[in-house]
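Here's the structure, in structure tokens; my notes come after.
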Amino acid sequence: MALYSEVVMDHFRHPRNVGVIEDADGVGEVGNAKCGDIMKIYLKIEDGVIVDVKFETFGCGSAIASSSMATEMIKGKPLADALTLTNKAVAEALDGLPAHKLHCSVLAEEAIKAAIKDYYDRHGIAYDSAQFPDCGSCEHCHV
Ligand code: FES
């Protein structure tokens, strides 16, 4: 059996939403302490809805495929929905990731959360900090 699903290979070869949003409303950057890979997510938000999202990922194929899929999953969605996106859902949408690559999808979840938190912070919007667990305490990631 192939190590990577067709969906992973498709998103790796043709990643969606790659790039930068210059006037982004929220930007989140996370890194993986173990492999040194970095993921950055840019959000454009209007009336609480993610109207545009772009990413830059300096990392492995699984991290690139995860970013691509995750951005597709939150585009056009309300912030509340994007906040509930889990790395498990991203990995499932990719038709699975090898067990030793699951941590790569964690970067996508964390980067999206970090970008939403940045948006809230910039705009003085109150939020429950429990929604944003400290990335530094995560087993895999750190900011
Ligand atoms: Fe670094 Fe996948 S090995 S994020």
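So if I place +1 on the C-beta of Lys and Arg and -1 on the C-beta of Asp and Glu, and nothing else carries charge, what would the dipole magnitude of the chain be about its Cα centre? I want it in debye, nearest 20.
Details: 13 positive and 22 negative charges, 60 e Å.
That gives the chain a dipole magnitude of about 300 debye.
Ranked from the most accessible area to the least, with a 1.4 Å probe and all protein chains present, what is the order of 104, 60?
Values: 104 5, 60 30 Å².
Descending order: 60, 104.
With contacts defined as alpha carbon pairs under 8 Å and 6 or more residues apart, what's the relative contact order of the chain in percent?
On the way: 268 pairs, mean separation 42.4, N = 143.
RCO, the chain: 30 percent.
Can you classify the chain as rounded, prolate or oblate using the Cα gyration tensor, where a ≥ b ≥ c are the square roots of its eigenvalues, rounded means a/c under 1.5, and otherwise it's prolate if a/b beats b/c and oblate if not?
prolate
Take the cross-link list 34/54; 44/77; 88/113; 77/101 and give me the ones stretching past 22 Å between alpha-carbons. List each step's numbers first, then the result.
Working: 34/54 24 Å; 44/77 11 Å; 88/113 15 Å; 77/101 27 Å.
Those over the limit are 34/54; 77/101.
With θ taken as phi - 60° and the coefficients 6.51, -1.76 and 1.60, list the Karplus ³J(HN,Hα) couplings across segment 86-103 in order, rounded to whole Hz; mark glycine and proline as x.
For segment 86-103, the Karplus curve yields 10, 5, 5, 5, 5, 5, 5, 5, 7, 6, x, 10, x, 3, 6, 10, 4, 4 Hz.
Run lengths n ≥ 4 of DSSP H only: what is the helix-derived mean residue ellipticity at 222 nm for the chain, with -39500 (n - 2.57) per run over all residues, to the nearest 500?
Values: 5 runs with 55 residues, N = 143.
For the chain, the value works out to -11500 deg cm²/dmol.
Could you compute the net charge surrounding residue 47? Neighbours are other residues with a C-beta less than 13 Å from the C-beta of residue 47; K and R count +1, D and E count -1. Can you show the working numbers first?
On the way: positive: 44, 77; negative: 25, 46.
In short, 0.
How much length, in nm to one decimal, is gained on full extension between residue 18 and residue 34, taken as 0.36 nm per residue of separation minus their Cα-Cα distance? Walk me through the intermediate numbers first.
Values: separation 16, 0.36 × 16 = 5.76 nm, distance 2.38 nm.
Contour length minus Cα-Cα distance gives 3.4 nm.
The values are calculated or read from the model by the stated rules, or taken from the named source; none is laboratory data. Quick caveat: nothing in here was measured; it's all calculated off a predicted structure. Don't worry about glycine lacking a Cβ; one is built from the backbone with ideal geometry, like all the others, and counts go over all protein chains shown. Note: areas computed on protein heavy atoms with side chains; ligands, DNA, RNA excluded. Shrake-Rupley method; radii C 1.70, N 1.55, O 1.52, S 1.80 Å.
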